[in-house]
Each structure stands twice: as C-alpha cells, then as structure tokens.
Amino acid sequence: MTLLLEIYHKLYTTFGPQHWWPGDSSFEVAVGAVLTQNTNWGNVEKAILNLKRKGVLSAKALHEMQRDDLAALIRPAGYYNVKAGRLKSFIAFLMEEAHGSMKVLKKGTLQELRKKLLDVNGIGQETADSILLYALEKPAFVIDAYTKRVLSRHGILEQERSYEDFQELFLSSLKREVRLFNEYHALFVRVGKTFCKTRNPLCSECPLYGLQYTHG
C-alpha cells in the first residue's frame, strides 16, 4: 500500500464517508465553491438559502440579476461585493460556454475545462478544482490549507511548496478516480478541523498519530 493510500484508509476508517459536496444540484455545488472562498460553510449555506428563497438559484436568474441585488442576497458569505462579481463572472462563462447548463459543460475534458475555469475572473486553482471534482465529476484533486497542513506536519511535503507540487503528489500516487478524490479531500478537511488544527493541534488523539512516514 502506498503512503497516501495508507493515510486515506486510516482517515476513512476513523471518520467514514463524508458525503461531500453538499448541494441539491451540480449548479448549487459550483455556486457554493465560489462563495466558500475565505469563509466557513455555514455562512455559505445561509447565502445559498437566500438565493433559494428568492427563487433565483439558476444560471439564467443570476445572469439577469443586478450585481448589487446579488451582493445583498449573498451577504452572509462575506466579501459579498467581491463574490458577487466573481459569481457573475462564473455565470457569464457558464452561459457562454454551455448555455447555462452544467450538464452540457460536463461534456468537456478535465484539461480544457480547468484551463477555461482558471481564465474566469476570481477563480483560482482550488475553486476551479472544487468545481471540476464536486460539480462536474472530473478527477481533479483539490488542494486546500488542511491538506497542506496535514502533509507538512508529517514531513511528506513542505507547506511552502506550490499548489502544483501538492496536486502532483496525489495524481502520481493514486488512481485518478472521482469517488476517491472526493472522499479523500473531504477527509483532509475533517481531520484538519477535528485534530490537525492551526493552533493547539490534538496530535496524540489524531488517527494519523504515530505513523512513521518516509519519502518514496
């Protein structure tokens, strides 16, 4: 068993399936991926609930909505003016690229979709990969602060290394399977929030405690 698979099985045995990403549709998941930047999921849920209550959680409705009106609805997600602009940019891309349909967008390849998503204003690598993996079901491994923290604390890869370096570690070591990448990323978030905290980590209680990792 490879090093990364050993970590995965330890986490999965401890926490079980995480059922990520929460959302009633692939479009809702994509909207959530944009809104979750620099905030917690609880705040994103409140913003999405506002959109649902107004009956505007669709590409067409959001595309036609004024930016200021959208900003007011997503206010709970924080940085609402900035995020309204980013969300409008994503929606414009979706309308132009796939007539507002996530199902149509999904027909593209991972490589071409990733390149196009990264060209959308306000969408960085983590957001693009989250949309690819969770909304479009493409095998893109999402690298976030939790993943970097866990791996760096176990001496696997220095936290200062690039997003690409971390992602390549997974892509070169694991089968490129959507279900595996989905679950693995969610488990990193879970162990990061529960044990591998930024301050006062609960190392001795962590399911990864005591495992001896070596490179290779």
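Here are some notes:
- Net charge in the neighbourhood of Lys116 (other residues with Cβ under 11 Å of its Cβ; Lys, Arg +1, Asp, Glu -1) is -2.
- According to the calculation over all Cα-Cα pairs in the chain, the P(r) per 5 Å bin from zero is 1, 7, 14, 19, 18, 15, 11, 8, 5, 2, 0 %.
- Computed over region 60-117, Kirkwood Rh from alpha-carbon pairs, angstrom: 12.2
- Helix axis angle, 80-98 relative to the chain longest principal axis, alpha carbon, degrees: 80
- Each part gets one Cα centre, and for region 1-26 versus region 52-120 those centres are 28 Å apart.
- Volume of the Cα convex hull of region 96-184, divided per residue and given in Å³: 99
- Net lengthening on full extension, Ser173/Glu205 (0.36 nm per residue, minus Cα-Cα): 8.8 nm
- Under the Debye formula (equal points on every Cα, no solvent term), log10 I(q)/I(0) of region 26-135 at q = 0.10, 0.23 Å⁻¹: -0.24, -1.37
- Order of Lys88, Lys52, Lys103 - criterion: other Cβ atoms within 10 Å of each residue's Cβ, fewest first: Lys103, Lys52, Lys88
- Here the alpha carbons of region 97-149 define both size measures, Rg and Dmax, at 11.3, 39 Å.
- With K and R counted +1 and D and E -1, the other residues having a Cβ less than 12 Å from that of Glu96 yield a net charge of -1.
- Sites listed here are trypsin sites (Lys or Arg not before Pro) in region 126-187 whose DSSP assignment is loop and whose Cβ has at most 10 other Cβ atoms within 10 Å: Lys175.
Readers should treat all values here as calculations from the given coordinates under stated rules, not as data from a laboratory. Note that the structure is a prediction, hence the values are computed from the model and not measured. When we count neighbours, we look across all protein chains shown, and the Cβ atoms used for this are built from the backbone with ideal geometry, even at glycine.
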